[in-house]
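Contents: one structure, followed by commentary.
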Amino acid sequence: MDKKSTKKDLRPFMADFDLMYGIMRNPDSQLVRLASSMRGHYADERALEELIARGDPVHYEVFEKTVPQKKGHLQFGISKTYPGTVGGECFMTKGHYHAVADTGEVYLCLRGEGYMLMKLSNGDSAVERFLPGNMVYVPPFWGHRSVCTSDEPLITFYVYPAEAGHNYGDIEKEGFPVRVFKRAGKVEIVPNKKG
Ligand code: PAN
Ligand code: ZN
């Protein structure tokens, strides 16, 4: 390959997806969040500690191609949230606002089911359903968290402005206005006492 067409120069490139399984075959990075990285996020802290003691399972993974974190570029990847519950509460991502707050994001659901919980810092909130083929539009300024309610991983493909960054802000303390539980196969969305 010509030296000028290396990845470093960010020439056009290709990411290879298996849409059937929702896999990116050639990611540059993989982020893994275990139960032990989720302290403070679930309602039942004791159930989380028990889960950590029983083997600290993976809650979600994020696979990305590396692009410059600069205005003009687009960051994209696959987010994979595993099935499971913590005291009945469905496995979920931590959730964040974007550090550059006026940047949106799209999430296209490829496999599995769940919800995108969203909120504004003024107290407004929204919930959208993830089903294969559903695309959730997260407008600028909205904090967002994915929740898996299926018995298989919730897999989404996302794209956002590469300069956006992450701001975990009030989310660790406040959570989102609702929590998603699954008990005896039944999904329930309930108000969050903390949120
Ligand atoms: C995604 C998320 C990813 C993990 O890439 O970062 O799903 O979620 P947390 O960052 O909340 O742990 C995204 O929304 N980026 O903006
Ligand atoms: Zn985001």
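Bear in mind these aren't lab numbers, they're just calculated from the coordinates by the rules spelled out. On a predicted model such as this, the values are computed, not experimentally measured, just so you know. FYI the Cβ positions are ideal-geometry reconstructions off the backbone, even for glycines, and counts take in every protein chain you see.
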**Request:** Answer yes if at least one residue in the range 53-67 is under 21 Å from Asn192 (Cβ atoms), of a type in the set (Phe, Trp, Tyr) and part of a strand (DSSP E or B), and no otherwise.
**Result:** yes
**Request:** State whether the residues of the range 112-121 include one that is touching a Ser or Thr at 6+ places or on another chain (Cβ under 6 Å), more than 24 Å from Pro68 (Cα to Cα), of a type in the set (Gly, Ala, Ser) and away from ligand 1 (no atom under 13 Å from the Cβ).
**Result:** yes
**Request:** Give the residues of the range 9-42 that are within 17 Å of the chain's Cα centre (by Cα) and either within 17 Å of Leu154 (Cα to Cα) or of a type in the set (Val, Ile, Thr) (or both), sorted by residue number.
**Result:** Gly22, Ile23, Met24, Gln30, Leu31, Val32, Arg33, Leu34, Ala35
**Prompt:** Do we have any residue at all in the range 173-181 that's within 16 Å of ligand 2 (Cβ to nearest atom), under 26 Å from Ala101 (Cα atoms), small (Gly, Ala, Ser) and surrounded by 14 or more Cβ atoms within 10 Å (Cβ to Cβ)?
**Reply:** no
**Asked** Here are some conditions: (1) away from ligand 2 (no atom under 14 Å from the Cβ); (2) out of contact with any Asp or Glu (no Cβ under 8 Å at 6 or more places or on another chain). Glu105 meets all but one. Which one does it not meet?
**Response** (1)
**Prompt:** For Glu128, are the conditions met, namely being of a type in the set (Asp, Glu) and in contact with a Ser or Thr (Cβ under 6 Å, 6 or more places away or on another chain)?
**Reply:** no
**Request:** Return the total of residues in the range 111-148 being farther than 18 Å from His166 by Cβ and either surrounded by fewer than 21 Cβ atoms within 10 Å (Cβ to Cβ) or within 14 Å of ligand 2 (Cβ to nearest atom) (or both).
**Result:** 16
**Message:** With the requirement that a residue be in contact with a Ser or Thr (Cβ under 8 Å, 6 or more places away or on another chain) and small (Gly, Ala, Ser), what does the range 23-42 give you?
**Reply:** Ser29
